[in-house]
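We did not get these values from a lab; they are worked out from the coordinates using the rules stated. This is a predicted model, so every value here is computed, not measured. Here Cβ is always computed from backbone atoms with ideal geometry, including for glycine, and neighbour counts include all displayed protein chains.
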Amino acid sequence: MISRRDLNDLLKTIVRRSAELVGVPYGFIYLYDRESDILTLEVGAGIFKDFIGTRVKPGVGLAGRTWQKGEPIVVHGYQEWEGRDPGNKWKQVQVVAGIPIKSKTEVIGVIGVSDDNRETQIAGNEIGVLTRFAQLTAIAIENARLYLQMQQELTQRKRAQQELKKSHRYLEEAKATAEAATQAKSEFLANMSHEIRTPMNAITGFTRLLLESEISSRQREYLELIRGSSDILLHLINDILDFSKIEAGKLDLAREPFQLRSVVESLCDIYSEKTTDAPIELVVGVHPDVPAILVGDEIRLKQVLINLTSNAMKFTEQGEVIVRVGVKTTRKSEIELDFSVVDTGIGIHANQIPILFDSFAQADASTTRNYGGTGLGLAICKKLVQMMHGEIQVSSTPGKGSDFKFTAVFGLPDEQVQPLPLPPVDLRQMKVAVVGAPAATRELMVDTLVSFTFAVTVFSSGTEFLDTVNASPDQLPGQLVIVDGKLPDMGGRDLVRHLRKGPLADQVRCILLEARPDGDIAQTEADTIEVDAYFPKPIRPSRLFDTIMRVCKQSGKSADQLKTPGLVRKDPAAGLDGLRVLLVEDNEINQRLAVSVLEAAGIKVDTARGDGRAAVEMVGDIKYDAILMDIHMPEIDGYVATRIIRQKPGCAQLPIIAMTADAMSGAQAKCLEVGMNDYIAKPIDTRQLFTVLAHWTRAGSAPEQTDAGAQPAVASPQLDGKAPFKLPGVDVQAGMQRLGGNQALYLELLQDFCNTYGEPEEKIRRLIAENNTGGVRRLVHTIKGTAGNLSAVSVSFSAAELEKELDQSKPDNLPELLGNFSESLRQLRRSLDRMERGRKG
């Protein structure tokens, strides 16, 4: 979901990246206002930044003519061009290109790039890149407008509900308003899921592929920014979807063992960059009385903590953000914990607190303008906390900060372990001096060191510490000195240098606290000033223990090494060995891929070729544990086949699981409606496939494995984060992962895919000429699903775009999208051919 502020940031990113990818220094976006019939320069890069707000009429200048024509315009020699704006302010511009930004019904703006170098050439490939950015811009603008409409509708609904309490006369009006708001919300969610998630996933996928290629450091920086912006958008979208699941009662909490300290300390990694860039100290601490292992939903607890910590970091320009966890009550098999997130930020006015946890609410309008966000984060937190049998509340003082507290109930495992690490016996009661650090960090440091059995002395400044050293030069206040990098009266490095010049320099170990130092630079400086170790802020207690042990050249038992006796490890393929499954799949490539995955888990697989008719006949003769059913098949599809099978004797309870590339919620509902038990979206996620099979078959009650002697039924492929080869437009690592690392089979399936579907354009044009739109859609849908299973992301994305266009009543962009689709297939074939020639040569 995109607010006005988020939209502006995204448009700036689009302009910068489009100019960079085309290889020119300048870029711009004009947006059209229908009421004034004017195009306004909204966003600019390079020289255009100085002219934000410039207005032109349709037909005037390059922007006006591009809007009027509705087609790309490229001009070389702009200063001599007859169509240039008479009020032209960009005297140095020589080459310029403009691309219309089109919504479904009209041209809503123009995106363009330019250069002052006459030699610059902007041609087909560059126009293609700009066209993609224009499409992304149109999607973002349309959804921003829809978001504004939804907020307006929701505001009207709340007003209507208030009026309803005063008078029953407005009952019908309030009902109509509520229905309109619900419709707007549903429309927004459907549009967001279809129009944003698909291209955003493609952007992140292609960005990841580009980051794996040979690129310059500047290009890598830009791609990282694109990926970061995409992640922000997806985070906002996920907020909406999470809230919708909770409202619909479709979100269930897991109950699995997890390590609480790891969850809390992970916040340090998440916000390390923020604490480096701003004068903010993040402090996280778990009381020693809190058990090491809890039973509950680790992911949803982490979601609440991240949401509250993100808010605290966002509204705190300087000072501290403190996250603490303690015990409230303990019973035989469960424990209630107290969580708090305290900040020294801008605070919240008392009259704003009552609405803080309402849906789509923010403290005031300026909050949305200045800080962004959906207004759903705290509402989601409240719902999740309630599902954990807890309560959430806030106290705040404007100008001083806020304190968010919540409680949550977790189960306790039968066995527990030592919650905190312990050093070797000869290091216990070791004297440790802590010098400097803000109060909260210092308090956490002392509590942590004491829990390690150390004797701790605290010095608030470097001067206080040196005075103590000088008073007793033959006796240091600690065998280990931990120094904050920023002392109130001197630099931490200066203190260490002074200490190293003393008579007992060889008898003391020094650790310097720094806000995420750069590895190479930090080590060089450490060698120069003889620091034994740098330790990055924010402080993670478990890592602090490991650092101290390393500095003292000991091997104490760290928190990461503390295993949980009998901790359940749920292998998704556990217990599937010996199952007999019927695979109903009319596409041979998808069939071979699925068979390979299933057989690797020890599952006996029978395949029904052709369509659902073969499946219906086979079910009568053989007893199966489950059926994996494709949906889109000729003659008898998966829906019809399921209805027939359900009428057969003994098949009323037979697990039937749908597998299809149609991920819309309507398809899922229809699968359940015709009698299927569950639904798996293509491309197939092997863990999800095994989990669903285990749930609906006898494997669901198979004995769980433990760390003591468990071995996974399917060995995970060891790709060590890198694919064994590269193919443009293909996520090789994901594809190999799906096949258990079987490179030979993966390449064979890719080659078969190209041989089968490599030149579909002629067949598609023939089907269109025959007015066989159903046949066209089935072919494109099949290619999309198969490409997705093979992680051929470029083909899958172009097929999805073509499929979406085929669903339109007037597919105006069909020729262009069909060309893109065919080219993506040809590129895959060329890449495979080059690889094959290279292997033979």
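Principal axis analysis of the Cα atoms in segment 580-699 yields extents of 33, 32, 27 Å, listed in decreasing size.
In this structure, the residue pairs whose Cα-Cα separation is over 18 Å, taken from K104/K804; K648/K682; K102/K810; K623/K648, are K648/K682. Distance between the 7 Å Cα→Cβ label points at A652 and E748: 4.4 nm. Put in line by how crowded their Cβ is, counting other Cβ atoms within 10 Å and starting with the fewest, V95, V551 read V551, V95.
Please compute, over every Cα-Cα pair in segment 390-439, the percentage with a separation greater than 18 angstrom. Of all Cα-Cα pairs in segment 390-439, 70 percent lie more than 18 Å apart.
Here segment 256-411 is described by how far its Cα atoms reach on the three principal axes: 47, 33, 23 Å, from widest to narrowest. For the residue pairs K12/K382; K328/K383; K12/K91, alpha carbon separations beyond 32 Å are given by K12/K382.
Each of K604, K332, K382, K12 has some number of other Cβ atoms within 10 Å of its Cβ, and from fewest to most they run K332, K604, K12, K382. Counting every other Cβ atom within 10 Å of each residue's Cβ, R830, R261, R442 order from fewest to most as R830, R442, R261.
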